[in-house]
Amino acid sequence: MRKVLLVEDNADLAFGLRTSLEVEGYDVVVAPTGPDGLESVRRDAPDLVVLDLMLPGMSGYDVLRTIRREGFDMPVLVVSAKSEEVDKVQGFRLGADDYVVKPFSPRELVARIKTVLRRSQTGPSPAMGGVLRFDGCAINPESRSVTTDSGPVQLTGKEFDLLFFLASNPGRVFTRDQLMDQVWDFTYAGDVSTVTVHIRRLRKKLEADPVKPRYIKTVWGVGYKFES
């Protein structure tokens, strides 16, 4: 049974979502405040976190920032009434794997959770199997780990998925829309900036010089490619 942590201060909404998730077979833990949510992450080791942004005690942004800073890599699905692109970009920049705007139906949220969990568990299928090895970089799909000459690289689930997909197709250029389809499994209408944010974070973690990347190249006016 997969465990979902629901960090939501609206008691009625939390009750409805908890009921819907339990019907689908999930073990659900509810935390009504930001500090409670962090405590539950540390104590309960959930498989996925559903995180509201407007919380008492600590904002969802600060909760997400702390989760990633402390090294927790479980998927985080942000839910918020904030629908502006800048809010979504900020959420993804801090390490969110998905962003759902309120109001939404419980059915939509369950579908998003299933997709994110499936991706975090399996990742993209390797074209030929085994570890992808490049000059100074090794990507292991089985352990979902990345190592460079500088040592292990700590990635979130979605960062790994994006890197692995690009590295599985070295030299091939993908548009942001194509990457959304292949890596996220569904299309964010108007939210392809999500890809840009994840590329920026990958370069910061993977590249010796993110300004002059060695692996993840921008093809201006088109998209991105992995240079082998």
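Structural remarks
- Only one entry of 73, 97 meets the criterion of being acidic (Asp, Glu), at pLDDT below 90, buried (at least 19 other Cβ atoms within 10 Å of the Cβ) and not assigned by TED's automatic domain parsing to the domain that holds residue 154, and that entry is 97.
- Residues within region 18-41 that are without any contact (Cβ under 8 Å) to a residue 12 or more places away in the chain and within 20 Å of residue 72 (Cα to Cα), tallied: 1
- Hits in region 130-147 - residues which are modelled with pLDDT of 85 or more and on the phi > 0 side of the Ramachandran plot: 136, 144
- Taking the criterion of being on the phi < 0 side of the Ramachandran plot, surrounded by fewer than 16 Cβ atoms within 10 Å (Cβ to Cβ) and without any contact (Cβ under 8 Å) to a residue 60 or more places away in the chain, the residues of region 148-168 that qualify are 149, 150, 152.
- Test for residue 53: is it closer than 22 Å to residue 196 by Cβ, touching a residue at least 24 places away in the same chain (Cβ under 8 Å) and crowded, with 22+ Cβ neighbours inside 10 Å: yes
- Hey, residue 68 in contact with a Ser or Thr (Cβ under 8 Å, 6 or more places away or on another chain), touching a residue at least 40 places away in the same chain (Cβ under 8 Å) and surrounded by fewer than 19 Cβ atoms within 10 Å (Cβ to Cβ) or not: yes
- Meeting the requirement of 3 or more residues that are under 19 Å from the mean Cα position of the chain (by Cα) and of a type in the set (Val, Ile, Thr), the helices (runs of 4 or more DSSP H) wholly within region 10-105 are 60-69.
- Residue in region 3-17 that is touching a strand residue (DSSP E or B) at 6+ places or on another chain (Cβ under 7 Å) and without any contact (Cβ under 8 Å) to a residue 12 or more places away in the chain present: no
- The criterion of being in the same structural domain as residue 77 (by TED's automatic domain parsing), under 19 Å from residue 106 (Cβ atoms) and buried (at least 18 other Cβ atoms within 10 Å of the Cβ) does not hold for residue 63.
The values are calculated or read from the model by the stated rules, or taken from the named source; none is laboratory data. This is a predicted model, so every value here is computed, not measured. Cβ sites come from the backbone with ideal geometry, for glycine too, and all protein chains shown count toward neighbours.
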